Amino acid sequence: MKVKKETLFPKTKIQWLWENMKGRRVLYVIGMLGTVVYNILQLTVPYYSGRIVDLFLSGADAWKNMRTNSGLFYHLLILMIVFTVLRGVIVYGDCMIYEHVSQTVLYRVRNFLYDKIQRQDMTFYSTYRTGDLMTRVTGDLDAVRHMVAWVIRMVIESFSLFGVVAIYFFYMNWKMALSLLIISPFVFFIIYLFKNKVAPMHAKLREKLAQMNTYAQENISGNRVVKAFAREAYEIEKFDRANKDYAETNKETSMVWLKFFPYVESIANLMPVVMLAVGGVFLIRGELTMGDYVAFSGLIWAIANPMRQMGNIMNEFQRFSAASKKVMEIYYSEPQIKDALDAAAHPNRFDGKIEFREVSFQYEDGDLPVLHDISFTVKPGETIAIMGETGCGKTSLINLIPRFYEPTKGEVRIDDIPVQNFRLSDLRKQIGLATQDVLLYSDTIEGNIAYGDSSIDLEEVEKFAKYSAASDFISKMPEGYDTVVGERGAGLSGGQKQRISLARALAVRPSILILDDTTSAVDMETEKQIQEALRHLDFSCTKVIIAQRISTTMMADKILVMQHGRITEMGNHEELMAKKGYYYELVQLQTGEDLV
C-alpha cells in the first residue's frame, strides 16, 4: 500500500490524544476537575464582598452589625483570603498536571513516530521529504503538546467560568443576568465564522513551514555541491523567498483574527455599559442591592474574558488540527513491506543460493516497468557480476533481494525459500550491503565499521578493514580507529568512505554480500587488493557485485549484462567474450585493444 497524503484515520484527533494519555488519564481528569474547581472558587471573593457591603457598609443596619457582629466581618475577610490562597494552590497544581501530561504525550508520540519512520519501506521515503518529516516530529508535535497543556485547559476554564458565573448571576437576579448574557450568542456566531476562515490558513501555514525546513535541510546536506558551484547567493535567495512566503502566510493568518477581534472586543466591552445602565436602574428601583451590584461588577470580567479568549482558543485549536493531521498520517501509516503473518524465524546462516524466477518490477509512481522477466540462479559461494548502461535496472534488481521493494511479478528466492517467507530482521541480518553513495555517521571509524554488529572487538574491526584495504590509511590517522569522522564522512575521500562502507558490510559476516559499484572511487591497485581479499574471506559468502570495470567483473563466476531492464547476456568472462556482444565491446572500449 502506497502511503497517501489523504488518509482516513481510525480515530478522531481527540480520541487519538486520549489514546496517548494512557497511564496519565486519571491524572489528566483530576487536572480538568481542578480547572472547574478553581473557577468555581472565583465566585468566593465577589460573594463575600457583596455580603460585606450589604451587612457592614451600605445596609440599613450596617453600623449596628459592625458593633454587635464584628466577628462575622473578620470571618468573611479571612474566608476571602483562605479561598484566594486555595485557588492559587489549585491553579499551580493544575498547571503542573497539564504540563506533565503534555510532556508525557509528546515523549510517547515522538518515540512512536521515530519507531514508525524507522520501520517504513523505501516507498515511504520516496514519498515524504526529509524536511517535512522533521517538521512533523518537531513543530507539529509541539502544537500537539500545546493542545494538551493549554488549549484543552483554556476550553474547560472558559466554559466552566462562563457557566458557573451565569448560574450565579441568575441566582442573584435573573433580570440582571439576562440583560448581561443576552449578547453572548453573537460572540459564538463570530467565532464560528472565524473558524471557517482560519482553518485553511493554518493548513497552508504548516505546508509553508515544511517547505522552508526542506530547503534548509537539503542545502545543509548538499553544502559541498553548493560551494563547488559557488551557489551560496542563489541558495540564500531561495531560502529567503521561502522564509518570506512563510512570514507572509503567518501574517495573513494573524490578520484573520484581527478582522474579527474588534467585534468580539466591542461585545465584551459592552457588558460594563449594560451593567452601569441596567444595574443602575435596578438599584434605584430597589430591585438590586448594593452588595449584589458589587458582586455583579466584580464578576463581569468572568463573562467578558471567556468571550475574548475564544478567538485565541479557536486559533490554537486550528493550528493543532492542521498539525495533528500530519502527525497522525505517519502515526497510522503502515509499510507495504513487512513480515508476513506466517513468516518463519531463520536465525541460522543462509547457504547463500539466490534465485530470480521471471521477476518483473515497476515503481509505484512510475509509468513503465523497470525489470522484465528476470531469471537467473546464483549458487552458494559464487560471485555474480551485473553490468549494464546507466538506468538499465541494476540497482533495482539488487534492491529486491533484501526486500527493499517487492517484485510486481515473479519470485525472488534465497535457499529455495521465497524472501517473503523470512522475517525482515532475519533476512537483512544475513545480507551485507555497500553502495556507491556512502553514508557514514558522526562516530569513530571503529563505530562505523561495527555499526551492523556492535559486539565485535577492535581486533575484528581491524581484520575487516584489511579485507577492504582500509587499514593502511586508517592507521595513518592521528587517532587511528578512534578518529571521529564528520557528518556523512566529511574529511574522508570518496575512496576512503567506500572502503569503510565495505568493511562495515563485511563486519556482519553476511551470507550474501551485495556491492553496488562500491570500488568506483578507488584506484586500480587498491581495487585489486580488495578483489583478492574478497576471494579469501574466512567465511562463506555469495557475492553480488554491480560494477562497470572489467577488472572487477572478469573474475566473477557469472556475469549478467542488462539492457533496458532485461538480461541480454549471461555467462562467465570467456563465454561472453566468445559471443562478441555488448560485453565484448565494453572490454574493447576499456582496454583500448582490438580483440578481433
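Please treat every number below as a calculation from the coordinates, not as lab data. Note that the structure is a prediction, hence the values are computed from the model and not measured. All Cβ positions, even for glycine, are placed from backbone atoms using ideal geometry, and neighbour counts span all protein chains on display.
What to note about this one:
- Here ASP443 and ILE417 are evaluated by their C-beta separation; at R0 = 25 Å the FRET efficiency comes out at 0.10.
- One decimal place: the segment GLU207-CYS95 gains 37.2 nm when fully extended, by the rule 0.36 nm per residue minus the C-alpha distance.
- Ranked list, fewest to most other Cβ atoms within 10 Å of each Cβ, for ASP132, ASP240: ASP240, ASP132
- Taking the centroid of alpha carbons for each part, the stretch 435-453 and the stretch 519-590 are 26 Å apart.
- If you take the Cα centroid of the stretch 356-371 and the Cα centroid of the stretch 314-347, the two points sit 27 Å apart.
- Compactness of the stretch 151-252, expressed as Rg and Dmax over alpha-carbon positions, Å: 24.7, 79
- The angle between the Cα long axis of helix 70-118 and the longest principal axis of the Cα atoms of the chain comes to about 10 degrees, rounded to the nearest 10.
- Overall Cα dimensions of the stretch 431-509 - principal axes, largest extent first, Å: 28, 25, 20
- When the convex hull of its Cα atoms is viewed from all sides, the stretch 364-502 shows a mean projected area of 10.5 nm².
- Over the stretch 452-596, the fraction of Cα-Cα pairs per 5 Å bin, rounded to whole percents and listed from the shortest bin up, is 2, 8, 17, 20, 17, 13, 10, 6, 5, 2, 0.
- Cα-projected label distance for SER126 with GLU574, points at 7 Å along beta-carbon direction, nm: 4.1 nm
- Our coupling estimate for the stretch 580-585, obtained by passing each phi through the Karplus curve with A = 6.51, B = -1.76, C = 1.60 and θ = phi - 60°, is 6, x, 4, 4, 4, 5 Hz, Gly and Pro reported as x.
- Fraction of antiparallel bridges per DSSP, the chain only, in percent to nearest 5: 45 percent
- Long-range amide H partners of ILE559 with built H, under 5 Å: ALA385, GLY571, ASN572
- Neighbour-count order for MET524, MET176, fewest beta carbons within 10 angstrom listed first: MET524, MET176
- Percent of Cα pairs in the stretch 13-331 per distance bin of 20 Å, from zero to the largest separation: 25, 44, 23, 7, 1.
- Taking label points 7 Å from Cα along the Cα-to-Cβ direction, SER493 and VAL85 give a separation of 7.7 nm.
- Rel. contact order, % - alpha carbon contacts under 8 angstrom, at least six apart, the chain: 14 percent
- Using every pair of distinct Cα positions in the stretch 319-438, the Kirkwood expression returns a hydrodynamic radius of 16.4 angstrom.
- Only aspartates and glutamates eight or more places from LYS238 in sequence, or on another chain, were considered; those with a Cα closer than 13 Å are GLU218.
- In order through the stretch 550-557: 3J(HN,Hα) via Karplus (6.51 cos²θ - 1.76 cosθ + 1.60), integer Hz, x for Gly, Pro: 5, 4, 7, 8, 5, 8, 6, 5
- Global form of the stretch 491-559, assessed from the alpha-carbon gyration tensor, a/c cut-off 1.5: oblate
- Size of the stretch 8-141 from its Cα atoms: along the principal axes, largest to smallest, the extents are 86, 24, 24 Å.
- Checked against a 31 Å cut-off, the cross-linked pairs LYS116/LYS208; LYS379/LYS580; LYS379/LYS476; LYS394/LYS528; LYS116/LYS497 give Cα-Cα distances beyond that limit for LYS379/LYS476.
- Cβ-derived FRET efficiency at R0 30 Å, ALA277 paired with ILE78, nearest 0.05: 0.25
- With 18 Å as the limit, the listed pairs LYS13/LYS197; LYS204/LYS251; LYS244/LYS325 have LYS13/LYS197; LYS244/LYS325 beyond it between alpha carbons.
- The ranking of VAL508, VAL281, VAL144 from fewest to most other beta carbons within 10 Å of each one's beta carbon is VAL281, VAL508, VAL144.
- Pairs of alpha carbons in the stretch 512-596 whose separation is greater than 22 Å (percent): 29 percent
- The slack in the chain from GLU460 to SER425, taken as 0.36 nm per residue of separation less the alpha-carbon distance, amounts to 10.3 nm.
- Summary: within the chain, the longest segment free of GluC sites (Glu not before Pro) located in DSSP loops with at most 11 other C-beta atoms within 10 Å is 7-478.
- Estimated D of the chain in µm² per second, where Rh is the Kirkwood radius over Cα pairs and Stokes-Einstein applies at 20 °C, 1.002 mPa s: 71 µm²/s
- Extension reserve of the LYS244-TYR332 stretch, reckoned as 0.36 nm per residue once the Cα distance is removed: 28.4 nm
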